[in-house]
Amino acid sequence: MKYLLFQPEELDELMRFLTANLDESYKPEVFLKIQSQWPDGFAIARRGGIIVGAACGALLPGNKLRVLILVLAPEVQRQGHGRKLLEMLMAAGRKRGCKRVALEARVDSAAVKFYRHLGFSSVDLLPCYYQDGGDAVVMERLV
Ligand SMILES: CC(C)(COP(=O)(O)OP(=O)(O)OC[C@H]1O[C@@H](n2cnc3c(N)ncnc32)[C@H](O)[C@@H]1OP(=O)(O)O)[C@@H](O)C(=O)NCCC(=O)NCCS
């Protein structure tokens, strides 16, 4: 597995990967904006040259890092790559002075169990947060 910083010229491939692996749909320009605002906070994982994972975040006021996307293709899940991408993002955040990391995850999802396992606590609930009306839980921990 190779972990690399996302480059804007990879946008089409990234969008194909995200569309295949996420429930939510996003406009491509969003990812160019995220990358331009904090290039070190946008990583991808490639296996055999193909994108199989992505993670990106944003720096918020109050020394907070927000994880915007963290997704691995099903065939590479539960092999430590999600943890690795999240650690890359948090290490980049620490370099920029972040003290806390926050994210949203779908209530009762496997992702909540993953984040809880990594030391995140639930701090808030966002009703109807997702496009299909599903609720999100806000989770946080120290970076
Ligand atoms: C959630 C997700 C990012 C986790 O990444 P991953 O690569 O599968 O997880 P890892 O292999 O890095 O797991 C790291 C640790 O969390 C644990 N873990 C992972 N998934 C878990 C789950 N569903 N329940 C309990 N523990 C879990 C692992 O056992 C591992 O623990 P260990 O190192 O102590 O053995 C990934 O499965 C995924 O992309 N899921 C689909 C998309 C998604 O839900 N994204 C999050 C939206 S916010």
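Just one of the listed residues (Q77, Q131) is under 22 Å from N21 (Cβ atoms) and modelled with pLDDT under 95, namely Q131. Among residues of the range 63-83 that are over 21 Å from R94 (Cα atoms), those with a Cβ under 6 angstrom from a residue that is within 6 Å of the ligand (Cβ to nearest atom) and in a helix (DSSP H, G or I), sequence gap 6+ or separate chain, pair up as L72/H81; L72/G82.
Listed by first and then second residue, the pairs linking a residue in the range 1-26 that is within 11 Å of the ligand (Cβ to nearest atom) to a residue that is part of a loop (DSSP other than H, G, I, E, B) and of a type in the set (A, V, I, L, M), with Cβ atoms under 6 Å apart and 6 or more places separating them unless they lie on different chains, are N21/A73. Checked against the criterion of being among the charged types (D, E, K, R), away from the ligand (no atom under 11 Å from the Cβ) and modelled with pLDDT of 95 or more, the candidates K84, K33 yield just one match: K33.
Just so you know, in the range 97-140 the residues that are of a type in the set (S, T, Y) and in contact with a strand residue (DSSP E or B) (Cβ under 7 Å, 6 or more places away or on another chain) include one that is nearest to W38 (Cα to Cα), and it is Y115.
The values are calculated or read from the model by the stated rules, or taken from the named source; none is laboratory data. Here the structure is a predicted model, which is why all the values come from computation and not from measurement. Heads up, the Cβs are rebuilt from the backbone with ideal geometry, glycines too, and the neighbour counts pull from every protein chain shown.
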